[in-house]
Amino acid sequence: MTHTTVITGANRGIGLALATLCQQRGEQVITVCRHASDTLKTLGVHIIDGIDLSDPHASQTLREALAGQHIDTLIKNAGILENETLGQLKVDSIMAQFQINALAPLLITEALLPNLQAGAKIAFITSRMGSMGDNTSGGRYGYRMSKAALNAAAVSLARELTPKQIAVAILHPGFVATDMVGGRGDLLPEQAAAQLLARLDALSLEQTGQFLHSNGSTLPW
């Protein structure tokens, strides 16, 4: 049976690079996004668009779209980054980041559990900015808080899914030059995607729930 990988947030950046590499590896790739980019459309992968993760019902829509579809690897990559500072906190911005960065990946996982069997792998593309021990600068309140919440959810899932023999990866991609960070970064999306897939390939139940950099180093909580 062909290996099937589902990737959210695949219209650009890291998600698009992941989709490209997975297709080159001969996998059946199913991409999920709000609006499919022209580049994504040229890949020839299956696209489920119109999925707006700010909508709490998006996970149910995705479940219906993938009903009966076997999934080997589920990669939750979609996310948003906003900037809040003390004296200028924006509640709507913070809540939107919680919904898209933390709650939506959890709801999608729950919705697609029937599609995952023993040996399947789940990846949460998170950020070291969700680390308490690694926070040396402060700021970015909504993003840091939402990624810390995502990490907490992913660890809980790792514990609960171990008896089902489904492994969970919690992965920081690195400082990647994407639109999210204005094109600045130490890695190109293609480089980050290759490193992320290497971590997923090496993932086992013994490693489930670990917080890792895409280069393989362990990150502090």
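The values are calculated or read from the model by the stated rules, or taken from the named source; none is laboratory data. Source: prediction; values computed, not measured. Ideal geometry is used to build each Cβ from the backbone, glycine not excepted, and the neighbour counts take in all protein chains shown. Just the protein is used for accessible areas: all its heavy atoms, side chains included, with ligands, DNA and RNA removed. Shrake-Rupley method; radii C 1.70, N 1.55, O 1.52, S 1.80 Å.
Some observations on this one:
- Pairwise FRET efficiency - Gln60 versus Ala194, Cβ, R0 = 30 Å, nearest 0.05: 0.35
- Charge sum, other residues only, whose C-beta stays under 10 Å from Thr2's C-beta, Lys/Arg counted +1 and Asp/Glu -1: -2
- Protein-only accessible surface at a 1.4 angstrom probe places the residues Glu27, Glu110 in the order Glu110, Glu27, largest first.
- Inter-label distance, nm, simple model (7 Å from Cα along the C-beta direction), Asp92/Gln117: 4.7 nm
- Degrees separating the helix 13-24 axis from the principal Cα axis of the chain, which is the longest one: 20 degrees
- Distance between modelled label sites at Gln165 and Asn83, nm, 7 Å Cα→Cβ extension: 4.9 nm
- Of the whole protein surface, Asp55 contributes about 70 Å² of accessible area at a 1.4 Å probe radius.
- Helical contribution to [θ] at 222 nm, DSSP H n ≥ 4, -39,500 (n - 2.57), averaged over the chain, rounded to 500: -10500 deg cm²/dmol
- For Lys90, the lysines whose Cα comes closer than 20 Å to its Cα, not counting residues fewer than 8 places off in the same chain, are Lys147.
- Using a probe of 1.4 Å on the protein chains alone, the accessible area found for Phe175 is around 100 Å².
- Val91 accessible area, 1.4 Å probe, all protein chains in place, Å² to nearest 10: 100 Å²
- Cβ-Cβ distance of Asp52 and Thr2, R₀ of 25 Å, FRET efficiency by 1/(1 + (r/R0)^6): the value works out to about 0.30.
- Using R0 = 45 Å, the C-beta based FRET efficiency linking Gln23 and Thr136 works out to 0.70.
- Residues Leu150, Leu157, Leu106 ordered from highest to lowest accessible area at a 1.4 Å probe: Leu106, Leu157, Leu150.
- Distance between the 7 Å Cα→Cβ label points at Gln69 and Trp221: 3.4 nm.
- Residue-wise HN-Hα couplings along the stretch 208-218, as the Karplus relation 6.51 cos²θ - 1.76 cosθ + 1.60 with θ = phi - 60° gives them from phi, are 4, x, 7, 9, 10, 6, 4, 7, x, 6, 7 Hz; Gly and Pro carry x.
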